[in-house]
Amino acid sequence: MKQRVLPGLSLSLGVTLFYAALIIALPVLALVFKAASLGPAAYWQIVTSERALASYRVTALSALAATVFNFFFGLALAWVLVRYRFPGRRLLDAVVDLPFALPTAVAGIALTTLFAPGGWFGHVLDPLGIRVAYTPLGIMLAMCFTSLPFIVRTVQPVLEELDPALEEAGQSLGASDREIFTRVILPLLAPSILAGLSLSFARSLGEFGAIIFIAGNQPMSTEITALLVFIRLEEYEYQAAAAIASVLLITAFVMLALTNILQRRALRYMQRG
Amino acid sequence: MPHSTRPARVGEGTGVRRTLIGFVLVISALLVVAPLCVIAVEAFSKGVGVFAATIAHPDTRSAILMTLATALIAVPVNTAFGLAAAWSITKFDFPGRSLLLILIEIPFSVSPIVAGVAYLFVYGMQGLFGPLLQDAGIKILFALPGIVLASMFVTAPFVARELIPLMQAQGRDLEEAATSLGASGWQTFRTVTLPNIKWALLYGVILCNARVMGEFGAVSIVSGNIRGQTNTLPLHIELLYHDYQTAGAFAAALILTVIAVFTIIAKVLLERRGAGRVRPIVATLGTAEAKDQP
């Protein structure tokens, strides 16, 4: 144990704890407290109501679909950005961050305008019988947009550090490119991919701004859980809003724990390699 | 690499290469670039006159001022918090460090709607302090303080997240040398630590600012949406959009889009100076942990 200790522990830790308690912990506890005040029976009735269950279903399924899309697209993007040199690569790298930088409401109205029946894409897709705006497909699309950077940004640094010798070894043993990719590269990327997937899924579950414009917001079919919370508030059903919000909160905690475990594993994996 | 019968690395064949680059470019153009274009086109779809009229309208101006005021308070406060959190977590060993990291990380995984509702139950009439605050005549919700608080919650981890992995990687040796040579804590921070973290700090501040200015879900619950009074820019965009003033909504959206584009440009420039690099995996958690283990 080193004896030299830097100054400023009490000040910096004091400020940190005070702020984290006031800004982060207090509201979270207030929400839990409000939801708990309902009592188990009433709470259970609200969070398992037909409309709430339908909202979990559409939210979770859309988030799952968006995460699967981002798995393929994010992986391809990371691969292209790391492995290939082509004109516009740097621009593409910068474009990946746009979904993080662009306010969700702005993304929402832009996507809706593109995919509405008369929009740039809508008027091509509509005659084909593909409706995106105001359908579950729109919810998925908005989630794809807002969670796009996660997988790219988790996989990219790992892919950059990947040792070429591993691929060469595979080649010298006569493995095909496909075999090397699935048996050597993919397993090495797996921890970072999993971490990215869980971040992406968690973000999609909680997304609100980008979705409400493009979703039809019809109860039972295109109403996401976050919107149901909002609607209950507007109806002055505060306890119901608290109960449903607590479901989102619990899900977020589970995802946070899962992400942490996955990231820790990914990090250990990288440091070992 | 050259003159071999097969490409040196997986995926280097021209076929695979072209297909993948093509696929990625087309999807990125459709999913990310097209929305950007539609914002610019729609903003001017009714002519420059309507664009200018929207921007000059008192309600838009009030929304811009509200957004600026929120950022002017929330960003510096969260910067100070990020610095304090990074200093305490990376320069000292104390029990519960990883728990504190998780606490700081919470706003990242919680839906903005949950954040808004949670604040309602602290400062609203239905909440813990609402009745007390009303008796004292203090208005927090449906006014600037509520908007600022909700924005602070949502962006609390932004600066800390950029600083912690970097300061963890830099260690404590330099600071310890400085203090043993007689520098005060404040001097050490200013002359030793700050020069090493300035780009990462700026990077975190810029990302934090972009998110504060664009926050929608949490703010829409605590603001009360009073036109010309408590509307921020994103809320004003929603209001115009639902009023079927599409060109106006996109005109307001264009302001935020320009800020987003500048944010990305700043990010690229700062990354060239090394900011954002010391982050093997997105979040900070685990970085501090890994160093703990011998």
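The values are calculated or read from the model by the stated rules, or taken from the named source; none is laboratory data. Keep in mind that what you see is a predicted model, and the values were worked out from it rather than measured. Here the Cβ positions follow ideal geometry from the backbone for every residue, glycine too, while neighbour counts run over all protein chains shown. When the accessible area is computed, the model is the full protein with side chains, heavy atoms only, and any ligands, DNA or RNA have been set aside. Shrake-Rupley method; radii C 1.70, N 1.55, O 1.52, S 1.80 Å.
Does residue B:45 qualify as being modelled with pLDDT of 90 or more, assigned to a loop (DSSP other than H, G, I, E, B) and open to solvent by 60 Å² or more (accessible area, probe 1.4 Å)?
Working: modelled with pLDDT of 90 or more: yes; assigned to a loop (DSSP other than H, G, I, E, B): yes; open to solvent by 60 Å² or more (accessible area, probe 1.4 Å): yes.
The answer is yes for residue B:45.
Among the listed residues B:200, B:210, identify the single one that is open to solvent by less than 30 Å² (accessible area, probe 1.4 Å), more than 12 Å from chain A (Cβ to nearest Cβ) and under 16 Å from the mean Cα position of the chain (by Cα).
Values: B:210 fails: more than 12 Å from chain A (Cβ to nearest Cβ).
Selected residue: B:200, the only one of B:200, B:210 that is open to solvent by less than 30 Å² (accessible area, probe 1.4 Å), more than 12 Å from chain A (Cβ to nearest Cβ) and under 16 Å from the mean Cα position of the chain (by Cα).
Given the criterion over 30 Å from residue B:66 (Cα atoms) and not basic (Lys, Arg), identify the matching residue among B:134, B:187. Working first, answer last.
On the way: B:134 fails: over 30 Å from residue B:66 (Cα atoms).
That would be B:187, the only listed residue that is over 30 Å from residue B:66 (Cα atoms) and not basic (Lys, Arg).
Given the condition more than 8 Å from every other protein chain (Cβ to nearest Cβ), open to solvent by 50 Å² or more (accessible area, probe 1.4 Å) and among the aromatic types (Phe, Trp, Tyr), answer yes or no: does some residue in segment A:19-42 qualify?
no
Using beta carbons and a limit of 9 Å, which pairs, at least six apart or on different chains, have the first residue in segment A:82-97 and within 7 Å of chain B (Cβ to nearest Cβ) and the second one not in a helix (DSSP H, G or I)?
Once the first residue is within 7 Å of chain B (Cβ to nearest Cβ) and sits in segment A:82-97, its partners that are not in a helix (DSSP H, G or I) give A:83/B:9; A:83/B:10; A:83/B:11; A:83/B:12; A:84/B:11; A:84/B:12; A:92/A:86.
Are any residues in segment B:216-229 within 24 Å of residue A:207 (Cβ to Cβ) and either in a helix (DSSP H, G or I) or open to solvent by 10 Å² or more (accessible area, probe 1.4 Å) (or both), and if so, which ones?
B:217, B:218, B:219, B:220, B:221, B:222, B:224, B:225
Which condition number does residue B:95 fail, the rest of (1) away from chain A (no Cβ under 14 Å); (2) over 23 Å from the mean Cα position of the chain (by Cα) being met?
Residue B:95 satisfies every listed condition except (1).
Quick check on my filter: what residues within segment B:106-130 are open to solvent by 20 Å² or more (accessible area, probe 1.4 Å) and over 21 Å from the mean Cα position of the chain (by Cα)?
B:123, B:125, B:126, B:128, B:129
Which condition breaks for residue B:103 when tested against (1) surrounded by 24 or more Cβ atoms within 10 Å (Cβ to Cβ); (2) facing another protein chain (nearest Cβ under 8 Å)?
Result: residue B:103 fails condition (1) only.
Residues are listed down the side, and each one gets a yes or a no for (1) small (Gly, Ala, Ser); (2) surrounded by fewer than 21 Cβ atoms within 10 Å (Cβ to Cβ):
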| position | (1), (2) |
| --- | --- |
| B:132 | no, yes |
| B:147 | no, no |
| B:158 | no, no |
| B:169 | yes, yes |
| B:178 | yes, yes |
| B:185 | yes, yes |
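Which of the residues that make up segment B:79-92 are closer than 14 Å to residue A:23 by Cβ and at the interface with chain A (Cβ under 9 Å from one of its Cβ atoms)? Give the steps one after another, and end with the answer.
Of the residues in segment B:79-92, the ones closer than 14 Å to residue A:23 by Cβ are B:79-82, B:84-85.
Within segment B:79-92, B:80, B:81, B:84, B:85 qualify.
Tell me the residue from A:16, A:48 that is among the polar types (S, T, N, Q), within 30 Å of residue B:76 (Cβ to Cβ) and either open to solvent by 10 Å² or more (accessible area, probe 1.4 Å) or free of Cβ contacts under 8 Å to residues at least 24 places away in the same chain (or both), please.
On the way: A:48 fails: within 30 Å of residue B:76 (Cβ to Cβ).
Only one candidate qualifies: A:16.
Would you be able to tell me the number of residues in segment B:11-24 that are more than 7 Å from chain A (Cβ to nearest Cβ) and open to solvent by 40 Å² or more (accessible area, probe 1.4 Å)?
Narrowing segment B:11-24 to residues more than 7 Å from chain A (Cβ to nearest Cβ): B:12-16, B:18-19, B:22.
Within this subset, residues satisfying the condition of being open to solvent by 40 Å² or more (accessible area, probe 1.4 Å) are B:12, B:14-16, B:18-19.
The total comes to 6.
Which condition breaks for residue A:148 when tested against (1) at pLDDT 90 or above; (2) more than 10 Å from chain B (Cβ to nearest Cβ)?
Failed condition: (2).
Among the listed residues A:7, A:103, which satisfies the condition of being over 30 Å from residue B:125 (Cα atoms) and either facing chain B (nearest Cβ under 8 Å) or in contact with a helix residue (DSSP H, G or I) (Cβ under 6 Å, 6 or more places away or on another chain) (or both)?
A:7
State the number of residues belonging to segment A:179-230 that are among the small types (Gly, Ala, Ser), surrounded by fewer than 21 Cβ atoms within 10 Å (Cβ to Cβ) and at the interface with chain B (Cβ under 8 Å from one of its Cβ atoms). Show your work before the answer.
Looking only at segment A:179-230, we keep the residues that are among the small types (Gly, Ala, Ser), and these are A:190, A:192, A:195-196, A:198, A:200, A:202, A:204, A:206, A:209-210, A:215-216, A:221, A:226.
Imposing the further condition that a residue be surrounded by fewer than 21 Cβ atoms within 10 Å (Cβ to Cβ) reduces the set to A:190, A:216, A:221.
Next, from what is left, pick out any that are at the interface with chain B (Cβ under 8 Å from one of its Cβ atoms): none.
Count: 0.
If a residue has to be in contact with a helix residue (DSSP H, G or I) (Cβ under 9 Å, 6 or more places away or on another chain) and at positive phi to count, how many in segment B:233-254 make the cut?
0
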